[in-house]
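Note sheet for the following structure.
The values are calculated or read from the model by the stated rules, or taken from the named source; none is laboratory data. All figures in this text were calculated on a predicted structure; none of them were measured in a lab. All Cβ positions, glycine included, derive from the backbone under ideal geometry; neighbour counts span all protein chains shown. Keep in mind that these areas ignore ligands, DNA and RNA; they rest on the heavy atoms of the full protein, side chains included. Shrake-Rupley method; radii C 1.70, N 1.55, O 1.52, S 1.80 Å.
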Amino acid sequence: AILGVVLSLGLGPLLGACGGSVTTLSTPPTTDESFVLTIQRSPEGPILATGGGSTLYDFGPDTPTHRACVNVGCVYQWPPLIVTRAVLVGPGVNRSLVGTVRRSNGSTQLSYDGHPLYTYVRDVKPGMVTGQAIDQDGGPWYVLSPAGREIHTAFTVNGP
């Protein structure tokens, strides 16, 4: 069964933190009105993903109160998981660890155990994990376990 998480979520443009210029991205922001936070399998055990199969990552330099991925290049490569409605959680996801953080542009980013969540632009198919344990845009990127812990082991999954 999927459980609803009641969150008061704000709206805001994804790239507002990038200054006054308008940037056109070839991929849309990671926003899904019927968003489900779920678990997918990986070589290192279960990891967080979206209901659509997008792997979720955290950024090492982020903290629960500060987002370090705010420039245009970082936001393009690692789209923040912006939420605008209640988030549903699937089996294995700890509902009490689901939260949000406010980005500097006013948008609301989904977090898990205090880790702001991102997808990776090079994960182009459901189940892909190509950004795990890479150092890019100023720090390491890691997948998260259902317990909210970073998995530091490097691995790649090219599809389900």
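Answer yes or no as to whether Gly53 is more than 21 Å from Asp135 (Cβ to Cβ) and not aliphatic (A, V, I, L, M).
Details: more than 21 Å from Asp135 (Cβ to Cβ): yes; not aliphatic (A, V, I, L, M): yes.
The answer is yes for Gly53.
For region 60-95, give me the residue count where each residue is farther than 16 Å from Ser107 by Cα and in contact with a helix residue (DSSP H, G or I) (Cβ under 8 Å, 6 or more places away or on another chain).
Matching residues across region 60-95 total 1.
Condition first: closer than 14 Å to Tyr118 by Cα and touching a helix residue (DSSP H, G or I) at 6+ places or on another chain (Cβ under 9 Å). Now tell me which residues in region 129-147 satisfy that.
Gly131, Gln136, Asp137
For region 93-115, how many residues meet the condition of being of a type outside the set (A, V, I, L, M) and under 16 Å from Glu150 (Cβ atoms)?
6
If you take the residues in region 96-146 that are in contact with a Phe, Trp or Tyr (Cβ under 9 Å, 6 or more places away or on another chain) and of a type in the set (S, T, N, Q), which one is nearest to Trp78 (Cα to Cα)?
Thr119
Can you pull out the residues in region 105-115 that are closer than 22 Å to Pro140 by Cβ and either small (Gly, Ala, Ser) or in contact with a His (Cβ under 9 Å, 6 or more places away or on another chain) (or both)?
Ser111, Gly114
List the number of the failed condition for Ser104; all other conditions in (1) part of a loop (DSSP other than H, G, I, E, B); (2) open to solvent by less than 10 Å² (accessible area, probe 1.4 Å) hold.
(2)
Can you run down the residue pairs with Cβ atoms below 6 Å, 6 or more apart or on separate chains, where the first is in region 102-129 and over 9 Å from Pro80 (Cα atoms) and the partner is of a type in the set (Lys, Arg) and open to solvent by 10 Å² or more (accessible area, probe 1.4 Å)?
Correct list of pairs: Arg103/Arg67.
Would you tally the residues in region 108-152 being in a strand (DSSP E or B), of a type in the set (A, V, I, L, M, F, W, C) and open to solvent by less than 10 Å² (accessible area, probe 1.4 Å)?
Total meeting the criteria: 5.
Would you mention how many residues in region 107-124 are more than 18 Å from Pro61 (Cα to Cα), in contact with a Pro (Cβ under 8 Å, 6 or more places away or on another chain) and not polar (S, T, N, Q)?
Of the residues in that region, 1 qualify.
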